[in-house]
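What follows is one structure encoded as structure tokens, with my remarks underneath.
Each reported figure results from applying straightforward, stated rules to the coordinates on display, with no laboratory input. All values reported here derive from a predicted model rather than from experimental measurement. Here the Cβ positions follow ideal geometry from the backbone for every residue, glycine too, while neighbour counts run over all protein chains shown.
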């Protein structure tokens, strides 16, 4: 998702500045309009302004789960909301979250509801949490709302952690492989070049190729650095465009091995979020709409948006889920069973539990598959360079033996 810096006007004519994440500019404008604001300027933050001037206001799911768990415990002990906010603002370690809690406390002291105060900080408190708090306040079950959200964020943190952990080893091995190859080209191979130059015989093609690579890396390393940097910036910029988001979302869903993990992870997130919202009494249409904002894959977002439109027409959720062709059969089949038995949220929770376990299994399988592949590629690269070194030497020894 991209970060947008927006200027808008409220109903009273007061200008407000907002910074939040959205899939694209249109969604950023829709978000402002849903808040009762009139967009004046919607601008995507640049690389420099995002990382230096403004910083990130996103809070990790694990920090949010701790916040919800502590809020639930404090409220359960009979402490008032104001006192709870004050206590949490003093003991929360995350600086961004701590500042947001302080601002919420100030607004609540002024007479605003907890929902209204938290809604002003949607870059810190996700829409899912805000809507759950709203439902909790309306039903008088705020403790239950925070308890459910604590579980939701804990599951989300575990899911993200599982996927990140699976990608750490391949990333480290690839980095080491690139470093080893560069080291051999810059340090090891040049030590043999003087010997190769003294040979009267013509060098093998493979040796000539590696010599050319070594000379290029030594003489034009800054070009390689620039190309790598330009490629990274270019890819990141392209990912923020509508076409880029669509392309990378499609790749994430259909790439071998990775696509399996992405599908199961998205199914777990969908089911867990919907189950949490429905359990809080939030209408299905609103629950699906909120869930669409939680997922980052634009293809899945589009599918959920279509689900929202179909539900408004009176179509059961399972039907558009099946027709989208995005979700595994188990998702819409168990959802249909839940609709027939009147226990949709229970079925969704079972789907979430199942796919969260499946993500762990799939990531373990993905890691087990990637490890030998990366090692083989690394071995081939190093073997290619070593072959380029030893082939002329073997030729020289062969010539000496014949002589």
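Quick notes on this structure:
- Computed over region 114-257, Cα set: Rg, Dmax in Å: 26.9, 91
- Between residue 143 and residue 175, the simple spin-label model (points 7 angstrom out along Cα→Cβ) gives 4.6 nm.
- Among 273, 262, 80: highest mean-square fluctuation, GNM of the chain, C-alpha pairs under 10 Å: 80
- The largest-to-smallest principal axis extents of the Cα set in region 313-403 are 91, 25, 15 Å.
- Cα-based helix-to-principal-axis angle, 95-109 vs the chain, degrees rounded to 10: 10 degrees
- Whole-number D in µm²/s for region 264-328 (Stokes-Einstein; Kirkwood sum over Cα pairs; 10 °C, 1.306 mPa s): 137 µm²/s
- The rule of thumb for compact globular proteins, 2.2 N^0.38 Å, goes into the C-alpha radius of gyration of region 61-155 0.94 times.
- Relative to the dominant Cα principal axis of the chain, helix 344-402 is inclined by about 10°.
- Among 253, 97, sorting on how many other beta-carbon atoms sit within 10 Å of each Cβ, with the fewest leading, yields 253, 97.
- Viscosity 0.692 mPa s, 37 °C: Kirkwood-radius Stokes-Einstein D of region 125-186 over Cα pairs, µm²/s: 221 µm²/s
- Between region 371-387 and region 283-353, the Cα center-to-center distance that results, in Å: 45 Å
- Förster radius 56 Å - calculated FRET efficiency between residue 376 and residue 73, Cβ distance, rounded to 0.05: 0.65
- Computing FRET efficiency as 1/(1 + (r/R0)^6) for residue 215 and residue 160, where r is the C-beta to C-beta distance and R0 is 45 Å, gives about 0.55.
- Residue 357/residue 254 FRET efficiency (R0 25 Å; Cβ-Cβ; nearest 0.05): 0.60
- Model label points for residue 95 and residue 309, set 7 angstrom from Cα along the Cα-to-Cβ axis, are 4.5 nm apart.
- Computed over region 203-314, Kirkwood Rh from alpha-carbon pairs, angstrom: 17.7 Å
- When the helices of the chain are scored as -39500 (n - 2.57) per DSSP H run of n ≥ 4 and the total is divided over every residue, the value at 222 nm lands at -24500 deg cm²/dmol.
- Annotation: extensible slack from residue 9 through residue 151 equals 47.5 nm (criterion: 0.36 nm per residue apart, minus Cα-Cα distance).
- A compact globular protein would have a Cα radius of gyration near 2.2 N^0.38 Å; the ratio found for region 166-403 is 1.55.
- The C-alpha atoms of the chain define a longest principal axis, and helix 61-76 lies at about 30 degrees to it.
- Every pair of different Cα atoms in region 253-382 enters the Kirkwood calculation, which places the hydrodynamic radius at 15.6 Å.
- Cα→Cβ-extended label distance, 7 Å offset, between residue 246 and residue 19, nm: 3.1 nm
- Kirkwood-type radius of the chain, with distances r between different C-alpha atoms, in Å: 25.0 Å
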